[in-house]
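Data first, discussion second: the structure below is written as structure tokens.
A short reminder: the numbers here are calculations on the coordinates, not readings from a lab. All of these numbers come straight from a predicted model, not from anything done at the bench. A quick note on method: Cβ atoms are made from the backbone with ideal geometry, for glycine too, and the neighbour counts reach across all protein chains shown.
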Amino acid sequence: MIEVSDTGRGIPEHIQSRIFEPFFTTGAPGEGTGLGLSIVHRLVSDLGGSLTFTSSLAGTTLRMTLESAQHKVQEATSAHEALQLLGLCTEGERSYRPIDLLITDATMPGMRGSDLAANLAVEMPELPVMIISGQLDSQVREKLRRSNVVAVLDKPFNRKSLLAAVNAVHHKA
């Protein structure tokens with residue numbers, strides 16, 4: 001959490017509901033655009049955080065909270081490449097490379113996401129899998145939930161939805 005405080009006169013109660021509105025300003029013409037708090041509020045919200053404030057005659061305090069999103073990401077362009085990254089496409093002895101979560105699209109070159117999840121359920125049963133799709137029917141979703149697929153994220157989605165889904169998977173573990 002980050003806090004920024006001042007010791008000014010505070011924000012009058014009758015305008016407190018407007019301070020995050022674009023172009024809202026109490027300054028004289030030429031003293032500001034009224035975009036500062038609006039832009040910060042939007043950026044923090046887009047990152048899954050919150051921006052709140054308290055105000056009194058003794059001053060105002062803004063509090064910004066951001067979700068922790070420190071995830072190391074490895075990217076593969078196909079199921080085969082994902083299996084290679086995990087150490088599962090080698091001849092003879094396998095050298096598993098541990099990861100916390102595999103996120104795959106339902107449709108991709110060479111193998112469906114559900115097939116990749118099924119292969120991983122045999123080789124790495126403890127590995128949770130999240131499938132991203134915009135077109136899975138309820139029967140397919142139910143079948144996936146009975147496997148190692150722990151979440152299905154529907155397209156389109158934004159960063160906040162993705163982080164929420166990833167965090168939900170990590171909290172289940």
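Its Cα gyration tensor gives the chain an equivalent ellipsoid. The semi-axes, each the square root of 5 times an eigenvalue, are 47, 16, 14 Å from largest down.
Once the Cβ-Cβ distance between residue 140 and residue 50 is put in as r, and R0 is 45 Å, what FRET efficiency do you end up with, to the nearest 0.05?
Details: r = 36 Å, r/R0 = 0.79.
Efficiency, from the Cβ-Cβ distance: 0.80.
Here's how it looks for residue 153: its modeled amide H is under 5 Å from those of 131, 132, 133, which are all 5 or more places away or on a different chain.
Here's the list of lysines a cross-link from residue 160 could span, going by alpha-carbon distance under 22 Å and ignoring same-chain residues fewer than 8 apart: 72, 172.
Could you work out [θ]222 nm for the chain from helices alone, using -39500 (n - 2.57) per DSSP H run of at least four and dividing by all its residues? Round to the nearest 500 deg cm²/dmol. It would help to have the intermediate numbers written out before the result.
Working: 5 runs with 51 residues, N = 173.
So the calculated ellipticity at 222 nm is -8500 deg cm²/dmol.
Under a model in which nothing but the beta-carbon of Lys, Arg (+1) and Asp, Glu (-1) is charged, the stretch 79-172 shows a dipole of about 420 debye around its Cα centre. Under the simplified labelling scheme, the residue 101-residue 74 pair shows an inter-label distance of 1.7 nm, with each label point 7 Å from Cα along Cα→Cβ. The label-point distance for residue 16 and residue 159, in a model that sets each label 7 Å from Cα toward Cβ, rounds to 3.0 nm. Between the amide H of residue 103 and those of 130, distances stay under 5 Å, these residues lying 5 or more places away or on another chain, with hydrogens modeled in the peptide plane. Each residue of the stretch 29-41 was assigned a 3J(HN,Hα) from its phi angle through the Karplus expression (A = 6.51, B = -1.76, C = 1.60, θ = phi - 60°), giving x, x, 9, x, 9, x, 9, x, 5, 4, 5, 4, 4 Hz with x at Gly and Pro.
Per residue, the average separation of C-alpha pairs within less than 8 Å and at least 6 apart gives the chain a relative contact order of 16 percent.
Mind jotting down the distance between the C-alpha centroids of the stretch 127-173 and the stretch 1-75, whole Å? Each part reduced to its Cα centre gives a spacing of 33 Å.
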